[in-house]
Amino acid sequence: MILTKSILSAYEKGLAAQENSYAPYSNFKVGAALKVQGSDEIFVGCNVENASYGATICAERNAIWSSVAKLGKQKLDFLIVITNTEEPSVPCALCLQVLSEFDEGDLPIYLANHEGIKYMIYLCELLPRPFTSFPKNNEVVIE
Ligand code: THU
């Protein structure tokens, strides 16, 4: 896995966003850094929890909402997710579903913690069949 300067600089921005995470209920602090096509800007997000737990929003979706607010819906270049855990974590299924609406599956997702970026995995590996897709190889046959 080759990490370009652009990815490393985005990681630093995601780390700064993670510092702002508001996670008093889970203590699971998440930062996200997103690059969209057609812009050099890095959009960051952090998780923001609420006493009404269901109102909590994930770092990844906050980063996407922020990019849409600034540039409208764009294709995605890469996403970095930073967690305060020993092993980096993959995005939750809700965030994967949202990401799938902005990307055809070849989005590289970098998984990181405070030590740095450790893994890269493509969106289609984490969510091969998003909602509204059709599992064409799994058609049933009526005998
Ligand atoms: N969280 C994220 O920010 N991203 C994910 O992909 C999974 C979960 C947040 C939500 C909540 O504040 C905390 O992590 C624990 O679930």
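Taken together, the values in this text are just the output of simple stated rules run on the coordinates, not laboratory data. Just so it is clear, the structure is predicted and the values come from calculations on it, not from any experiment. With ideal geometry, Cβ positions are generated from the backbone for all residues, glycine too; neighbour counts draw on all protein chains shown.
Values computed for the structure shown
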read-out: Given charges at Cβ of Lys, Arg, Asp, Glu: the chain dipole, positive-most of PRO128, ALA69, PRO108; value: ALA69
read-out: Tilt relative to the chain, helix 59-71 - C-alpha long axis, 0 to 90 degrees, to 10; value: 90 degrees
read-out: MRE, 222 nm, helices only [DSSP H, n ≥ 4, -39500 (n - 2.57), over the chain, to nearest 500]; value: -8000 deg cm²/dmol
read-out: Size of electric dipole in segment 1-83: Cβ of Lys, Arg +1 and of Asp, Glu -1, about Cα centre, debye, nearest 20; value: 180 debye
read-out: Cα→Cβ-extended label distance, 7 Å offset, between CYS124 and ASN20, nm; value: 3.4 nm
read-out: Net length gained if the chain between LEU94 and GLU41 were fully extended (0.36 nm per residue, minus Cα distance); value: 16.6 nm
read-out: Of LYS13/LYS35; LYS35/LYS136; LYS73/LYS118, pairs whose Cα-Cα distance is over 22 Å; value: LYS35/LYS136; LYS73/LYS118
read-out: Residue-by-residue Karplus 3J(HN,Hα) for segment 108-113, coefficients 6.51, -1.76, 1.60, Hz, glycine and proline x; value: x, 10, 8, 10, 9, 9
read-out: For HIS114, distant residues with modelled amide H under 5 Å away; value: THR85
read-out: Debye, to nearest 20: dipole size of the chain, +1 on Lys, Arg Cβ, -1 on Asp, Glu Cβ; value: 320 debye
read-out: Folded to 0 to 90 degrees: helix 5-19 orientation relative to the chain principal axis, Cα; value: 70 degrees
read-out: Per-residue ³J(HN,Hα) for segment 133-139, Karplus 6.51 cos²θ - 1.76 cosθ + 1.60, θ = phi - 60°, Hz, x for Gly and Pro; value: 8, 10, x, 4, 7, 10, 5
read-out: Protection proxy ranking of 101-107, 30-36, 137-143, 1-7 - average other beta-carbon atoms within 10 Å, highest first; value: 30-36, 101-107, 1-7, 137-143
read-out: Segment 126-131 - phi-based ³J(HN,Hα) in whole Hz, Karplus 6.51/-1.76/1.60, Gly and Pro as x; value: 7, 9, x, 10, x, 3
read-out: For VAL30, residues with placed amide H under 5 Å, excluding near neighbours; value: ASN47
